[in-house]
Amino acid sequence: MQRREFIAVGSAAAVATAAQAFATQAFAEAAGGAKMEDMHPALYKGLEKATIDCVSTGNDCLRHCLGMFAMKDTSMAECADASMQLVAACNALATLAAINSSHVPAMAKVVATICEDCKKQCDKFPHIAECTACGKACQECANECRKV
């Protein structure tokens, strides 16, 4: 097969595949069905966002704690432990929420408790911006977890 023939055949296959996809969606919509992107809606979008925010602020808090450790200050050891658990749990729940897992309700109960525990540690350091942000995110995440 010559290069030009190969390109022509490949282009024709791509056009046929795209046409089939558009036809399938148009048929589904014409038959009263949902749009393709509406067929599998996110059930836990708010929870997913809250857990992702918690992971981000938890990592910020953990980075601060590790910086304190590097300066030989271990006063935030319990905060670091709580942040590490928060990040691990919220990462797991974010993934489960993103795929509409049937395990979300059970996991959300556990994560709500972990968020509350982390917030208690954050509240001990109100003068530290990372802790304040993490505590706020923990509260929001715990609230979203309770909605489930």
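Here, each number is a calculation from the coordinates, and none is a lab measurement. Remember, predicted model here, so these are calculated numbers, not experimental data. Here the Cβ is made from the backbone with ideal geometry for all residues, glycine too, and neighbour counts use every protein chain on show.
Where nothing but the Cβ of Lys and Arg (+1) and of Asp and Glu (-1) is charged, how large is the charge dipole of segment 45-147 around its Cα centre, in debye to the nearest 20? Could you put the intermediate results ahead of the total?
Values: 11 positive and 12 negative charges, 43 e Å.
Value, rounded to 20: 200 debye.
Based on the mean of other beta carbon atoms within 10 Å per residue, what is the order of 42-49, 139-146, most packed first?
Numbers: 42-49: 17.5, 139-146: 20.9.
Highest-to-lowest ranking by the protection proxy: 139-146, 42-49.
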Checklist entry - When the Karplus curve 6.51 cos²θ - 1.76 cosθ + 1.60 is applied with θ = phi - 60°, which whole-Hz ³J(HN,Hα) does each residue of segment 101-113 get, with x for Gly and Pro? => result 5, 6, 8, 4, x, 5, 5, 4, 5, 5, 5, 4, 5
Checklist entry - In segment 45-147, with Lys and Arg counted as +1 and Asp and Glu as -1 at Cβ, which of these residues, 132, 69, 54, has the Cα nearest the positive end of the dipole, that is, farthest along it? => result 54
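So how do 96-102, 59-65 stack up, highest first, on mean other-Cβ count within 10 Å?
Sorting 96-102, 59-65 by mean packing, highest first, produces 59-65, 96-102.
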